[in-house]
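Student: Mind having a look at this structure? Questions to follow.
We did not get these values from a lab; they are worked out from the coordinates using the rules stated. These numbers were taken from a predicted model, which means no experiment stands behind them. Positions of Cβ are backbone-derived with ideal geometry, glycine not excepted, and every protein chain shown enters the neighbour counts.
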């Protein structure tokens with residue numbers, strides 16, 4: 001892929017690389033500074049692997065203070081900074097520029113405090129998403145947002161992208177589960193926003209910071225809500241003859257006043273791919289599959305399922321299969337959460353992330369299929385149906401540049417259609433570089449200029465992750 | 001002068017006119033919260049009363065959009081007809097502030113008005129998924145939209161929630177909804193002191209039974225004896241089951257039915273216990289487990305009435321309006337315990353004298369000023385309402 005343009009690196013900065021490395025080496029010890037070409041290559045891309053560029057250097061700070069010193073130095077030296085968590089961004093949010101320094105928080109992985117009485121945890125930004133849940137699981141608690149990459153992705157990255165997950169239909173996304181952050185601004189200023197209480201005074205800076213895509217500063221610590229696990233959870237598989245029937249069933253479940261913890265959707269191709277990988281017992285004869293998860297006591301789950309089954313029957317459900325054991329539950333979720341990885345074993349793919357209004361799901365699915373087919377490619381659909389967040393996986397051959405371009409074009413067409421029907425470009429993966437140039441499809445010039453002015457209130461130098469989110473042309477300071 | 005535009009285009013024209021005349025605007029919705037914030041008197045008023053009407057309601061998508069001046073009650077009754085609700089149960093300030101009028105949906109968004117369900121269903125800002133507003137450059141701007149999962153661009157929606165109009169005049173807001181629970185009940189524990197009460201609330205909230213209201217009313221607040229309250233809302237069978245399980249964790253108590261639950265939580269959310277007297281009222285947000293310490297320290301300075309919502313994390317205090325109305329003491333205790341305090345009710349002369357909103361650290365205040373300048377460089381909208389200079 002090469003259709004997304006990065007700004008040309010500043011030759012003056014590239015020429016000063018030695019000096020910049022020396023400057024950084026004065027701040028952090030050798031174990032926290034990556035300078036060798038081969039080592040730097042490990043940071044050249046993220047999960048949007050088609051794009052890569054090797055940064056000037058990589059710093060791995062161990063504390064907020066060290067992060068502040070690094071940013072202060074970069075600010076003073078006029079060097080761009082690319083913040084990075086685990087590098088799992090699907091939108092290229094962590095891809096560096098050649099004239100930038102990567103600041104990766106992978107050494108800041110401590111859970112600093114767990115406070116059950118107040119149901120919060122204080123963590124360093126490099127702790128993994130699952131690491132938080134693991135730290136509190138023995139006591140029956142969990143951290144709710146659960147992106148598929150939760151084993152690897154960091155809470156700092158989640159805050160950067162406002163990550164979602166399968167269970168956010170009930171529990172919300174990152175922005176609904178973070179109460180406070182420590183953030184370092186580009187000039188090295190350390191700010192504390194929020195805390196272990198439920199709201200903060202002044203403008204809602206926390207609301208702006210979550211989802212900032214590394215544009216406003218570097219979050220080094222966070223206070224997150226932890227919740228008590230439900231008594232039990234049970235996923236149920238519902239097979240349907242067609243995607244349309246499954247989509248209509250989702251809308252009726254919601255309209256009936258039932259909000260399950262999760263409603264996940266897979267089309268026929270996704271079912272085949274995931275079943276081959278996870279052996280979860282997905283119905284291979286179905287045209288579409290819903291995984292509906294309910295929570296509560298056994299009796300409560302039974303009651304809720306009765307309601308849902310009655311609705312599914314009205315839509316001609318062909319298979320209903322409840323998980324009967326923890327192992328089955330794990331297999332069902334393994335299949336869903338490894339959908340991207342499993343697809344990757346079959347073909348190269350790009351993953352879209354548009355959201356459509358629930359009432360438009362069936363229409364968008366149909367149009368997605370038509371669009372991809374018109375480019376002569378195949379698409380597997382697996383997504384969070386309860387909130388309309390779609391993930392078409394467009395399959396292509398990465399070694400065929402013409403096919404790559406077709407795949408990217410098909411993806412663009414799908415996202416444009418999502419916006420057209422009242423949805424948006426990205427539900428949870430972020431804009432990054434991937435959707436940067438599509439932003440004018442969703443926003444007017446004035447909309448974008450307002451966002452850019454708000455951004456510049458934090459970083460007027462535009463040194464932070466500056467190749468991302470906003471189209472390169474027409475940038476307002 | 002009063003502007004009362006009928007459309008977003010007219011609103012843009014009003015702001016353009018105000019900008020040309022360098023005339024700041026006081027933004028008014030239904031007028032029920034005029035006494036919130038620092039007293040400011042810009043030369044002109046901008047009313048959203050003619051920007052009314054629901055623009056989108058999709059029960060199957062649990063989403064409603066309305067022009068900013070739409071009365072909140074209209075939105076609530078429309079969605080209630082489909083057994084849905086605004087999840088965060090916004091506080092009605094009329095009783096506490098002795099005001100009249102009809103609160104607007106735009107004010108609920110702009111002032112980020114949440115209620116008792118904050119602990120379980122999120123705040124107003126969590127349900128707000130889209131805004132349209134006019135900035136200080138007289139440009140109509142949108143952020144967010146009508147879908148509940150949307151990370152496209154910076155989240156200006158959250159920024160508008162709680163900015164009290166200072167970052168733009170909202171013209172349309174979009175909220176996500178939830179099904180209205182089939183049934184509700186409240187478990188009442190009697191006679192607990194503050195510390196034991198907050199402990200009981202924490203245990204309830206730390207249970208898997210989805211407590212949607214957790215408050216403690218000390219003796220003398222609404223009743224003679226202290227009451228610790230835990231609300232469950234769900235399908236009727238689940239409410240019965242969960243009340244039983246909850247009592248195994250927090251102890252046995254009496255149970256209030258649907259109607260009693262509705263009226264009691266309305267009083268709690270609206271701070272009705274402190275209505276109709278001359279005391280000032282402070283709202284303190286802190287960590288639940290430290291809230292009783294907060295009250296103990298505050299009580300050393302003089303007599304006050306108090307109660308807790310949000311599992312203890314929201315403390316309402318009523319005290320004498322004399323002197324600085326307790327500002328010095330409250331802020332000192334906040335500094336010690338953590339959190340922040342807002343002077344929600346006080347005579348205008350008091351609100352002119354003392355900080356109404358929690359003073360911010362210089363580094364955070366710098367960001368607030370820079371943001372204000374990025375939305376409203378000429379300081380047209382509600383200047384000084386929250387803080388001097390923004």
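Student: How high is the FRET efficiency between residue A:115 and residue A:151 when r is their beta carbon distance and R₀ equals 25 Å, given to the nearest 0.05?
Tutor: Values: r = 25 Å, r/R0 = 0.99.
Here the calculated transfer efficiency is 0.50.
Student: If I stretch the segment between residue B:252 and residue B:277 completely, what's the gain in nm (0.36 nm per residue apart, minus their alpha carbon distance), one decimal? Intermediate results must be reported in sequence, preceding the final value.
Tutor: Working: separation 25, 0.36 × 25 = 9.00 nm, distance 3.50 nm.
Between residue B:252 and residue B:277, full extension yields an extra 5.5 nm.
Student: Still on this structure: Kindly put B:319, B:85 in sequence by how many other C-beta atoms sit within 10 Å of each C-beta, fewest to most. Could you put the intermediate results ahead of the total?
Tutor: Details: B:319 22, B:85 17.
Fewest to most other Cβ atoms nearby, the residues stand as B:85, B:319.
Student: If you don't mind, there's one more thing I want to ask. Report for region A:11-104 the percent antiparallel among DSSP-assigned beta bridges with both residues inside it, nearest 5. Spell out each step's value before the answer.
Tutor: Values: 2 of 10 bridges.
If I count the DSSP bridges inside region A:11-104, around 20 percent turn out antiparallel.
Student: Obtain the nm distance between the two label points defined at residue B:54 and residue A:445 by a simple spin-label model: each point lies 7 Å from its Cα along the Cα-to-C-beta direction.
Tutor: Here the modelled spin labels are 3.8 nm apart.
Student: Counting partner chain Cβ atoms within 10 Å of every residue's Cβ in A:413-423, what's the average? Walk me through the numbers before you get to the answer.
Tutor: Numbers: counts 0, 0, 1, 0, 0, 1, 2, 0, 1, 7, 6.
Counting other chains' Cβ atoms within 10 Å and averaging over A:413-423 gives 2.
Student: Is the C-alpha gyration tensor of region B:101-147 telling us rounded, prolate or oblate? Criteria: a/c under 1.5 is rounded; beyond that, a/b larger than b/c is prolate, otherwise oblate.
Tutor: On the way: a/c = 2.90, a/b = 1.59, b/c = 1.82.
Taking the square roots of the gyration eigenvalues as a ≥ b ≥ c, region B:101-147 is oblate.
Student: Could you work out how far helix B:327-337 tilts from the main Cα principal axis of chain B, as a 0 to 90 degree angle to the nearest 10?
Tutor: 60
Student: Still on this model: Please work out the C-alpha center-to-center distance from region B:84-121 to region A:126-205 and express it in whole Å.
Tutor: 26
Student: Here's something else I'd like to know. In nm, give the distance between the simple-model label positions of residue A:134 and residue A:327, each being 7 Å from the Cα along the Cα-to-Cβ direction.
Tutor: 2.4
Student: Measure nothing fancy, just the Cα-based angle from helix B:236-250's long axis to the longest principal axis of chain B, in degrees from 0 to 90, nearest 10.
Tutor: Roughly 70 degrees, rounded to the nearest 10.
Student: A follow-up question, please. Which residue fluctuates most in the GNM of chain B (Cα springs below 10 Å): B:104, B:152, B:174?
Tutor: Answer for the Gaussian network model of chain B: B:152.
Student: Measure nothing fancy, just the Cα-based angle from helix A:268-278's long axis to the longest principal axis of chain A, in degrees from 0 to 90, nearest 10.
Tutor: Tilt of helix A:268-278: around 70 degrees.
Student: Enter the mean number of other protein chain beta carbons within 10 Å of the beta carbon of each residue in A:207-214, as an integer. Kindly include the intermediate steps, with their values, before the conclusion.
Tutor: Numbers: counts 14, 8, 5, 3, 7, 2, 3, 0.
The shielding value for this peptide is 5.
Student: Extension gain residue A:310-residue A:472, at 0.36 nm per residue separation less the Cα-Cα distance, in nm?
Tutor: Working: separation 162, 0.36 × 162 = 58.32 nm, distance 5.17 nm.
Residue separation times 0.36 nm, minus the Cα-Cα distance, leaves 53.2 nm.
Student: Could you sort the peptides B:46-52, A:44-50 by per-residue average Cβ neighbour count (10 Å cutoff), highest mean leading?
Tutor: Numbers: B:46-52: 21.3, A:44-50: 19.1.
Those peptides, ordered most packed to least, come out B:46-52, A:44-50.
Student: Still on this structure, please answer the following. Calculated FRET efficiency, residue A:52 and residue B:373, Cβ-Cβ r, R0 30 Å, to nearest 0.05? Don't jump to the answer; show the numbers that get you there.
Tutor: Working: r = 38 Å, r/R0 = 1.26.
Calculated transfer efficiency: 0.20.
Student: On a C-alpha basis, how far is the centre of region A:280-312 from the centre of region A:2-38 in Å? Whole number, if you could?
Tutor: Distance between centres, Cα-based: 52 Å.
Student: In addition: Listed highest first by mean packing, meaning other Cβ atoms within 10 Å per residue, what order do A:322-329, B:56-63, B:243-250 come in? Could the numbers behind the result be given before it?
Tutor: On the way: A:322-329: 13.6, B:56-63: 20.2, B:243-250: 16.1.
Those peptides, ordered most packed to least, come out B:56-63, B:243-250, A:322-329.
Student: Under the rule of -39500 (n - 2.57) per DSSP H run of 4 or more residues, summed and divided by the residues of chain A, what mean residue ellipticity at 222 nm is obtained, to the nearest 500 deg cm²/dmol? Don't skip to the end; give the middle numbers.
Tutor: On the way: 17 runs with 169 residues, N = 477.
Estimated from H runs of four or more residues: -10500 deg cm²/dmol.
Student: Here is a follow-up. Between residue B:365 and residue B:320, what is the label-to-label distance in nm when each label sits 7 Å out along the Cα-to-Cβ direction?
Tutor: 2.9
Student: Sticking with this structure for a sec: Could you line up A:218, B:113 from fewest to most neighbouring Cβ atoms inside 10 Å?
Tutor: Working: A:218 26, B:113 23.
Ranking A:218, B:113 by Cβ neighbours within 10 Å, fewest first, gives B:113, A:218.
Student: Of B:293, B:257, B:237, which has the largest mean-square fluctuation in a 10 Å C-alpha GNM of chain B?
Tutor: Ranking B:293, B:257, B:237 by mean-square fluctuation puts B:237 first.
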